[in-house]
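The values are calculated or read from the model by the stated rules, or taken from the named source; none is laboratory data. Predicted model only: the values in this text are computed from it and were never measured. Virtual Cβ from ideal backbone geometry, glycine too; neighbours counted across all protein chains shown.
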Amino acid sequence: MPELPEVETVRRGLENLLRGDAIKSVKVLRSESIAFPDVASFIKLLKGRRFGNILRRGKYLLLELDGDAGLACHLRMSGRLIVRPGKSVSRAKGKIDSIERGSVREPQFLRVVFTLESGRELHFEDMRVFGRLWYKPAGANFEEIIPTLAELGVEPLEALTGAYLHKAFAKKMQAVKTALLDQRVLAGVGNIYADESLFLTRLHPATAAKNLKLAQLEHLSNNIKMVLERAIISGGSTLRDYSDSSGVNGKYQNEALVYGREGAPCHHCGTLIERLKLGGRSSHYCPSCQPKPRVAKKKIGAKKILAK
Ligand SMILES: [Zn+2]
C-alpha cells in the first residue's frame, strides 16, 4: 500500500513527465475509478486540459490543470499512475493479460487511459479498484470536491513538531501507534513508517498516547521526519518507472529495522522482533528496545486476594 514517501516519489516523477503536456482524450474502463463527477462529464471536462504543477496533500495527488481546473487521485491499496509510450499495450479489455516488466511478468489492471498531446499515455492501473480520481472544476478548491482533504492533519515533512503532537495526543487514551495512524493528526503516515519511528524512539507501540512527555514527542517527531525523508530518497533513487509504489515499499522493507521482521533479531540488541495487533493493524517492535509501559497495579486485584 503506497504511503507518503511512495506518493511523494510518484508526485515528483509525474511532475517532470507531465508538466506542459495536455490531455487529448480520456477512456474510462472502470466507472468505479471515477469519484467525481459522472464518467461522461469527467471525460468531456478533462479533454484539452494542460498539466501544470503537481501537489501532494497526505496521500492525495493534486494535479493542477490550466483554466483553474484540477485532477485529484488517491491510489489507495493498489493504484498506480504511470506514463507509458502510446499504444504500447493492447487495451481492448480492462485486464491486460500480462506485459513484460523487467524480469517479472505481472498482470496489469488498466482502469483509465489519458491519451496525451505528446503521443504518450497516462495510465491509471488499479488491481483492487479502491483507487479514485476526481475532476475539480474552475472556481472550486480540492477540499470542496474531496471533503476528507479538509480534515487532514499536518504534513509531517512541513509542520510536524513535538509540541503539535503533545497537544494532539493530550486526550488520546489510545495506543501511540494507533494515534499516529490517525490521518486527522498526521497526513500520510502509515503502518511501516509509524513502526520504524517508534522503534527509533524506543517507544512501545501500545503506550497510551496521552502519557507521552513533550521531550519524547519531540524525539518521535524528529524520527518520523527522518524515516520519511530517508524513504523518499531511497525510493527516488531506485524507481525505474517513477510510479512503481510497490517497488519503493519493497526497497524500503529491505532496509526496515522492525517492520515485517517478526521473529528476526533486532539490529540493535539481538532480541527477536515481535508483532502485536493494535487497532486492527500489525505493529512490529523489539520487546527489549521498546519495553512495555508500566501499568499501575489495580487495587481491585489486591482485594480479591485478601477475600480468599
Ligand atoms: Zn532491540
| request: Identify all residues within region 138-157 that are exposed (fewer than 14 other Cβ atoms within 10 Å of the Cβ) and not in a helix (DSSP H, G or I); write none if there are none. | output: Ala138, Gly139, Ala140, Asn141
| query | What do you reckon, is Phe114 at pLDDT 90 or above, farther than 30 Å from Leu160 by Cβ and not aliphatic (A, V, I, L, M)? | reply | yes
| Out of curiosity, is Leu14 under 26 Å from Pro156 (Cα atoms) and part of a strand (DSSP E or B)? | no
| task | Filter region 184-203 for residues that are touching a Pro at 6+ places or on another chain (Cβ under 6 Å) and more than 16 Å from Tyr164 (Cβ to Cβ) and give the result. | result | Leu198
| field | Residues satisfying the stated conditions in region 36-80, i.e. over 17 Å from Phe142 (Cα atoms), at pLDDT below 95 and hydrophobic (A, V, I, L, M, F, W, C) | value | Met77
| request: Please name all residue pairs, on different chains or six or more residues apart, with Cβ atoms under 6 Å, provided the first residue is in region 109-122 and is more than 24 Å from Glu32 (Cβ to Cβ) and touching a residue at least 60 places away in the same chain (Cβ under 8 Å) and the second residue is of a type in the set (A, V, I, L, M, F, W, C) and surrounded by fewer than 22 Cβ atoms within 10 Å (Cβ to Cβ). | output: Glu117/Ala22; Arg120/Val83
| field | Qualifying position, being within 30 Å of Val112 (Cβ to Cβ) and aliphatic (A, V, I, L, M), among Leu203, Leu133 | value | Leu133
| message | I want to confirm something. Restricting to region 248-277 and keeping residues that are at pLDDT 95 or above and away from the ligand (no atom under 13 Å from the Cβ), which single residue is farthest from Leu203 (Cα to Cα)? | response | Gly263
